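Worksheet: one structure, shown below.
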Amino acid sequence: MSGPPWTGWALRPDLLAGAAALAVLAAYTALGLIHELASADRGARWRRLASAGVAIAIGAVSAQLIVLSGEVLPAAASLDRGQLLAACILLVACALMAKALVAKPARSAARLVAAALLFGAGLCAAGVLGLHAFMADAGLGWSLAGLAGAWLLASLGASGAFVIGAARLAPAEPAQRQPRPDRRLPYRTLAAAVAMGATLIATDVAVLLCARLPGGPEGLAGAHPGNEGLTLLAMLGAPAVLLLLLFSTFMENRFRDLLARARDELRRASFTDALTQLPNRLLFEERLQRAAHRADRGGLRMALLFVNLDGLKGVNEAFGQGTGDAVLRIVGQRLRDFCGSALMARAGGDEFLLLFDDDPDPTAVSRRAAALLDEIARPCALDAQRVQVTASIGIALYPEHGAQSRLIPHASAALQAAKRMGGATYSFFEAHMVAGRRDEAELLRDLRGAIEQQSLELVYQPKVHAPSGQITGAEALMRWHHPQRGIVSPLVFIPLAEHYGLINTLGNWAIDEACRQIRVWRNEGLRMRLAINLSVHQLRQPDLAARIAAALKRHRLEPRLLTCEITESIAMDDSPATLEVIEQLAEIGVHLSIDDFGTGYSNLSCLRKLPAEELKIDRSFVLDLETSGDARAIVDAVVKLAQAIGLKVVAEGVENEQQQAILRQLGCDELQGFLFAKPMSARALAHWAMTREGPRALEFRASLFGETRAVELA
């Protein structure tokens, strides 16, 4: 190419210094944007990468324009915006690719050299495109050897900046990905930014010196100034944009700091008991799992102690909740002092968990448990009073006493055993402690399934008119045929249903099933009165009478065909709610009977006012009639009392002829028991009534086959 080898550029030191400062600012901004990039989410990661590339492009192009602003460009000069945009895009792409190479988890020298060469090539190519954009019609030529030197210079400078700032460019390790409280960029980052800025401005100058004008230095003479507006934009606009990017990065990092701090506080609160500042059960179980893994690897034993304070409820009642809380704080501190580095937690209420994972033998665990009981039993000095509580401890050993997931339940079972021994002691887990509970849990599960599948049934035991020996009605009794256990006694599953809140569901089903069966019998020609038992839980439901009335109406029954049996203890309850429900039952017209009479404490005044029509003597008195004069006297007194206030008397549990004879002699109205018939299915009872074929030669009262009176059902 003709012409002199170099163009005589007049490079002003002040402009070079300004361009260098802008380049350092751009590099500093880019490093700030990619700081801890791996800890950001995917969207923020791409946004930060793109912004970092744009910052480098703005710095390089603006610095080149500032350097050129000291020259009077050729008269033919004009701005080619397309080439300028291409230079920016090329620089952004090279910066992103270099970042991708340097930031690989397994960094190597070859990858670092490749990134430096790529980034140096991008800087040189962008410089060439930028100069062509500013001098589009000047007919620029280039020294290829000079450009090669510029590329080498840019690559060396970039490699130095990459090495200095490698900690900022590399991805964070998993343990380091949480934002750190201090977001100020360290001196190493500032040094990397200075090195990168120097590389940018040195590359721009090197590329500028490689340019050749056809007219040589004289080609710049006689020209006029151009692109003053673009130069002003580079001097003022570019720093503003970079500072804005830097400020937004600072604010984002600050926000991430606050968010991380709040997240840490929330996590700490979720794993810490607010009262004692001990870990809570959630954190304890998480660390217990890790400790079990360590014990498995090392073949070690662990001991879990479940601690429960004895008598804290009494402290709360005597001195107030504040005193109880103070006792819990003191006990928590004593546990912390006693156990040292051992894992501990407040499980809730007045319960604590301790884990010793130092391979203790049972003897050592016993010594620790005894010492801990003594430590807790020391009086607590609270203001002007001294409060003392004791503790019970359940102990489970790992792996002797089961898998890690069963360790806490087994320690809890051992704790209950210590409580049953009177408290203030410790107990080791034994297999029989959970056998009953496991069986109860399985039975409860099966009972829920039986209720859902409606696999329970009612059986019916006849009631006999004592003077005539005729069957006058029946009592409905609930039965459960378990597919594996066979017939489960109501004495087993009824208390279970009461304890776990299933009794109301069972009671509602029994009411509807009894009414349905009365209707079936009535359609077959049998007008049988049927008795059902109401539990205390049902009588606490204010809509009980309404539901019974709805069942009677649904099955088109006369209310007098249904007897509701209420135990004496419930009937004598003088609570307004219970009395109101009993009054409502009487109002809808059902027959009321007081069951298990004689086992409670009857209030005769209350008995006289109750809308009941019969008393049912408890079977315990009937069983002793032959041998106990007291039992006979009580039955005689009950019969006379009932007759005095106009109530009928029913005796249940009649099992032999002698009992029957005594009860008839004493004046009982109805009898019920195995002497006459065991509970049977509805079909069997109907067959007996229709064919007179049953367990005994008993007649059904003729009125049971009469027509139903016309009544208006509510």
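Can you tell me which residue within region 642-657, out of those that are within 15 Å of residue 619 (Cβ to Cβ) and part of a loop (DSSP other than H, G, I, E, B), is most open to solvent (accessible area, probe 1.4 Å)?
Top of the filtered list is 655.
Restricting the first member to region 415-429 and to residues that are without any contact (Cβ under 8 Å) to a residue 40 or more places away in the chain, and the second to residues that are in a loop (DSSP other than H, G, I, E, B) and open to solvent by 60 Å² or more (accessible area, probe 1.4 Å), the beta-carbon pairs closer than 7 Å and six or more apart or on different chains are 427/421. Residues in region 391-403 that are touching a residue at least 24 places away in the same chain (Cβ under 8 Å) and open to solvent by 50 Å² or more (accessible area, probe 1.4 Å): 399, 400. Of the residues making up region 460-492, just one is open to solvent by 10 Å² or more (accessible area, probe 1.4 Å), touching a helix residue (DSSP H, G or I) at 6+ places or on another chain (Cβ under 9 Å) and among the hydroxyl-bearing types (Ser, Thr, Tyr), namely 472.
Against the definition (buried (at least 21 other Cβ atoms within 10 Å of the Cβ), assigned to a helix (DSSP H, G or I) and over 59 Å from the mean Cα position of the chain (by Cα)), how does residue 660 come out, yes or no? Considered against the rule, which asks whether it is buried (at least 21 other Cβ atoms within 10 Å of the Cβ), assigned to a helix (DSSP H, G or I) and over 59 Å from the mean Cα position of the chain (by Cα), residue 660 comes out as yes. Residues that are touching a residue at least 60 places away in the same chain (Cβ under 8 Å), assigned to a helix (DSSP H, G or I) and either closer than 20 Å to residue 365 by Cα or more than 16 Å from the chain's Cα centre (by Cα) (or both) within region 265-286 comprise just one, 284.
Screening residue 539 against (1) modelled with pLDDT of 90 or more; (2) open to solvent by less than 60 Å² (accessible area, probe 1.4 Å); (3) within 16 Å of residue 584 (Cβ to Cβ); (4) of a type in the set (A, V, I, L, M, F, W, C) leaves a single unmet condition, (1). When the criteria are applied in full, residue 524 meets the requirement of being farther than 23 Å from residue 594 by Cα, among the acidic types (Asp, Glu) and open to solvent by 10 Å² or more (accessible area, probe 1.4 Å).
Residues that are of a type in the set (S, T, N, Q) and under 19 Å from residue 461 (Cβ atoms) within region 497-550 comprise 517, 533, 535, listed in sequence order. Filtered by the rule that a residue be surrounded by fewer than 18 Cβ atoms within 10 Å (Cβ to Cβ) and either in a strand (DSSP E or B) or of a type in the set (Phe, Trp, Tyr) (or both), region 681-706 gives a lone residue, 705. With respect to the conditions (1) touching a Phe, Trp or Tyr at 6+ places or on another chain (Cβ under 9 Å); (2) at negative phi; (3) open to solvent by 40 Å² or more (accessible area, probe 1.4 Å), residue 442 falls short on a single one, namely (1). Is it the case that some residue within region 545-557 is under 20 Å from residue 612 (Cα atoms), surrounded by fewer than 16 Cβ atoms within 10 Å (Cβ to Cβ) and not charged (D, E, K, R)? Within region 545-557 (the criterion being under 20 Å from residue 612 (Cα atoms), surrounded by fewer than 16 Cβ atoms within 10 Å (Cβ to Cβ) and not charged (D, E, K, R)), the answer is yes, since at least one residue qualifies.
Filtered by the rule that a residue be open to solvent by 40 Å² or more (accessible area, probe 1.4 Å) and modelled with pLDDT of 85 or more, region 326-342 gives 329, 330, 333, 336, 337, 338.
Only residues that are in contact (Cβ under 8 Å) with a residue 24 or more places away in the chain and touching a strand residue (DSSP E or B) at 6+ places or on another chain (Cβ under 9 Å) were counted in region 430-468, giving 16. Number of residues in region 364-388 that are open to solvent by 40 Å² or more (accessible area, probe 1.4 Å) and farther than 14 Å from residue 305 by Cα equals 10.
Each row is one residue, and each column tells you yes or no for (1) surrounded by fewer than 22 Cβ atoms within 10 Å (Cβ to Cβ); (2) of a type outside the set (Ser, Thr, Tyr); (3) under 26 Å from residue 548 (Cβ atoms); (4) without any contact (Cβ under 8 Å) to a residue 60 or more places away in the chain.
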{"residue": "587", "(1), (2), (3), (4)": "yes, yes, yes, yes"}
{"residue": "611", "(1), (2), (3), (4)": "yes, yes, yes, yes"}
{"residue": "620", "(1), (2), (3), (4)": "yes, no, no, yes"}
{"residue": "626", "(1), (2), (3), (4)": "yes, yes, no, yes"}
{"residue": "629", "(1), (2), (3), (4)": "yes, yes, no, yes"}
{"residue": "640", "(1), (2), (3), (4)": "yes, yes, no, yes"}
{"residue": "671", "(1), (2), (3), (4)": "no, yes, no, no"}
{"residue": "675", "(1), (2), (3), (4)": "yes, yes, no, yes"}
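Condition check: in a helix (DSSP H, G or I), touching a Leu at 6+ places or on another chain (Cβ under 7 Å), within 23 Å of residue 65 (Cα to Cα) and at pLDDT 75 or above. Does residue 154 satisfy that? The answer is yes for residue 154. In region 309-319, is there at least one residue being at pLDDT 90 or above and surrounded by 15 or more Cβ atoms within 10 Å (Cβ to Cβ)? Checked against the condition, which is being at pLDDT 90 or above and surrounded by 15 or more Cβ atoms within 10 Å (Cβ to Cβ), region 309-319 yields at least one hit. For the residues 414, 441, the requirement of being farther than 21 Å from residue 503 by Cβ and not basic (Lys, Arg) singles out 414.
Does residue 580 fit the bill of being at pLDDT 85 or above, open to solvent by 50 Å² or more (accessible area, probe 1.4 Å) and not in a helix (DSSP H, G or I)? When the stated conditions are applied, residue 580 does not pass them. Considering region 334-357, and only residues there that are touching a residue at least 40 places away in the same chain (Cβ under 8 Å) and more than 26 Å from the chain's Cα centre (by Cα), the residue that is farthest from residue 373 (Cα to Cα) turns out to be 357.
Annotation: residue 307 fulfils all but one of (1) touching a residue at least 60 places away in the same chain (Cβ under 8 Å); (2) part of a loop (DSSP other than H, G, I, E, B); (3) of a type in the set (A, V, I, L, M, F, W, C); the unmet one is (2). Looking at the structure I just gave you, is residue 165 modelled with pLDDT of 75 or more, of a type outside the set (Lys, Arg), in contact with a Ser or Thr (Cβ under 7 Å, 6 or more places away or on another chain) and over 16 Å from residue 210 (Cβ atoms)? No.
Quick check, is residue 457 touching a helix residue (DSSP H, G or I) at 6+ places or on another chain (Cβ under 9 Å) and under 30 Å from residue 527 (Cα atoms)?
Against the criterion (touching a helix residue (DSSP H, G or I) at 6+ places or on another chain (Cβ under 9 Å) and under 30 Å from residue 527 (Cα atoms)), residue 457 qualifies.
The values are calculated or read from the model by the stated rules, or taken from the named source; none is laboratory data. Predicted, not measured: the structure shown is a model, and the values here were computed from it. Quick reminder, even Gly has a Cβ in these numbers, built from the backbone with ideal geometry, and neighbours come from all protein chains shown. The protein model used for the area step is the full one, side chains on, heavy atoms only, and it has no ligands, DNA or RNA in it. Shrake-Rupley method; radii C 1.70, N 1.55, O 1.52, S 1.80 Å.
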